[in-house]
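The values are calculated or read from the model by the stated rules, or taken from the named source; none is laboratory data. Owing to the predicted nature of the structure, the values given are computational and were not obtained by experimental measurement. Please note: Cβ atoms are built from the backbone with ideal geometry, for glycine as well, and neighbour counts cover all protein chains shown. Protein only, heavy atoms only, side chains kept; ligands, DNA and RNA dropped before computing areas. Shrake-Rupley method; radii C 1.70, N 1.55, O 1.52, S 1.80 Å.
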2 protein chains.
Amino acid sequence: MASLELWYEFASTYSYPAAMRVARVADAAGVTVRWRPFLLGPIFGSQGWNDSPFNIYPAKGKNMWRDLERICAAEGIPLKHPPFRFPQNGLKAARIALAGEAEGWTPAFTRAVYAANFAEQKDIADDAVLADILMRMGKDASAVTVAANTAENKDRLKKQTEEAIARGIYGAPSFTIGDELFWGNDRLEQAVAWAKENLDQ
Amino acid sequence: MASLELWYEFASTYSYPAAMRVARVADAAGVTVRWRPFLLGPIFGSQGWNDSPFNIYPAKGKNMWRDLERICAAEGIPLKHPPFRFPQNGLKAARIALAGEAEGWTPAFTRAVYAANFAEQKDIADDAVLADILMRMGKDASAVTVAANTAENKDRLKKQTEEAIARGIYGAPSFTIGDELFWGNDRLEQAVAWAKENLDQ
């Protein structure tokens, strides 16, 4: 069956509509999705950025928020600016998302964290916010937090970010099908079509 | 009648498919287009870049060329990488494009320059290349070059670039409808729809 990988960072604005849309668009085409959280911080840092480019370049940032408003309105996705800080720190959420892969709840958790960040004005680096999301999913928040914070899982997130860099990823969301890389929420449909055309046998 | 403004820079890769597509997409919606050449150099310079971000950030640049290949293939637009230099210097072409506005040949000249840059591997800063384009359009290349190089026309291009900055433009292509700004070839359809919905009375 055709499949693609969705690479996302919890702080990333355009990863929000991508995460909310990917299952629907991929399902409709019969394409499966592997959800791959990673960290943009090390990538941006290696480019000399110690902040989001949307903060470093204010004109770009202003239009990004307007563009995101238009996209979310067109897709019926709620949007409220994070009130206290942008970008938020997605490290803890990324570790938990990775820990959920074996049990299959990474997509649901990911969508809930994006909603907390970009629709509910919550602090996604707050343990209580993450625990609340896990509890509403019927998970044992304490057990999940322990699993997320093992040295092994932390190392897995590091390796996932290193793999992203090795595969040419420089922003989020990105979609990969083998060596083919698509960058941006606005490339979701093309990436799904590419997966279907090149992998569906 | 509904209208939008297309802001473009001759060195800009994504401005190429936008320039080739805009008339067809806008015409189909009954939207008119004002073609507004400007220079990205001063804008990038003010952000601390003395080169294209696609050169400064190699991973981003590599994927841009691959993405542009996919876009041009899907649209049936020929594409060959500029063989000797990227980005090319679009200053002379921009002055000529602006000088053509009153006579209405800016769109045809613009498309021919983009084809020279991104399909024909020609140097668009070469006077002979620009003269050849003008002659094939039936223009008096010498007279046009004189008109393009008057102090008044040079100043007009400067003012056009200043207006772009004042209107929040930070990249090319961009589309404006009043205060509404859309950035990128992939926003063309949205910009045309916006013009139609908000201006067509």
## Note on the structure
Toy charge model, Lys and Arg Cβ at +1, Asp and Glu Cβ at -1: chain A dipole around Cα centroid in debye, rounded to 20, equals 380 debye
### Query
Under a straight-distance cross-link criterion of Cα-Cα below 17 Å, which aspartates and glutamates are reachable from A:K154, leaving out those fewer than 8 residues away in the same chain?
A:E9, A:E101, A:D127, A:E162, A:E163
### For the range A:143-201, alpha-carbon Rg over 2.2 N^0.38 Å
1.44
### Query
Sequence-distant or interchain residues sharing an amide H contact under 5 Å with B:S3, placed H: which?
B:T32
### Task
Residues in the range B:83-114, backbone N under 20 Å from the label point at B:D126 (7 Å along the Cα-to-beta-carbon vector): list them, ranges by number please.
B:83-97, B:109-114
### Query
Binned at 5 Å from 0, what are the whole-percent values of the Cα-Cα distance distribution for the range B:19-114, short to long?
2, 10, 16, 19, 22, 18, 10, 3, 0
### Query
Given C-alpha coordinates of the range B:11-68, what is the ratio Rg to Rh with the Kirkwood estimate of Rh?
1.08
### Query
What percent do you get for the relative contact order of chain B when only Cα pairs under 8 Å and 6+ apart count?
34 percent
## Note on the structure
From the Cα centre of the range A:100-124 to that of the range B:141-176, the distance in Å is 46 Å
### Query
Can you give me the Cα centroid spacing of the range A:8-57 and the range B:12-61 in angstrom?
24 Å
### Query
Can you give the accessible area of B:R24 in Å² (nearest 10), computed on protein heavy atoms with a 1.4 Å probe?
140 Å²
### Summary
Its Cα gyration tensor gives chain B an equivalent ellipsoid whose semi-axes in whole Å, largest first, are 23, 22, 18
### Query
So how compact is the range B:59-104: Cα radius of gyration and Dmax in angstrom?
14.5, 42
#### Entry: Cα pair distances exceeding 23 angstrom across the range A:72-172, given as percent
31 percent
### Summary
Of the accessible area of the range A:1-128, computed with a 1.4 Å probe and all protein chains kept, carbon and sulfur make up a percent value of 53 percent
### Summary
For the protein assembly as shown (alpha-carbon point model, no solvent) the Debye-based log₁₀ I(q)/I(0) at q = 0.06, 0.11 Å⁻¹ works out to -0.27, -0.85
### Task
Return the loop-located trypsin sites (Lys or Arg not before Pro) in the range B:166-201 (DSSP other than H, G, I, E, B) with at most 16 other Cβ atoms within 10 Å of their own Cβ; answer none if there are none.
B:R167
### Query
Nearest 0.05, what FRET efficiency do B:K196 and B:A119 give at R0 = 41 Å with Cβ-Cβ as r?
0.85
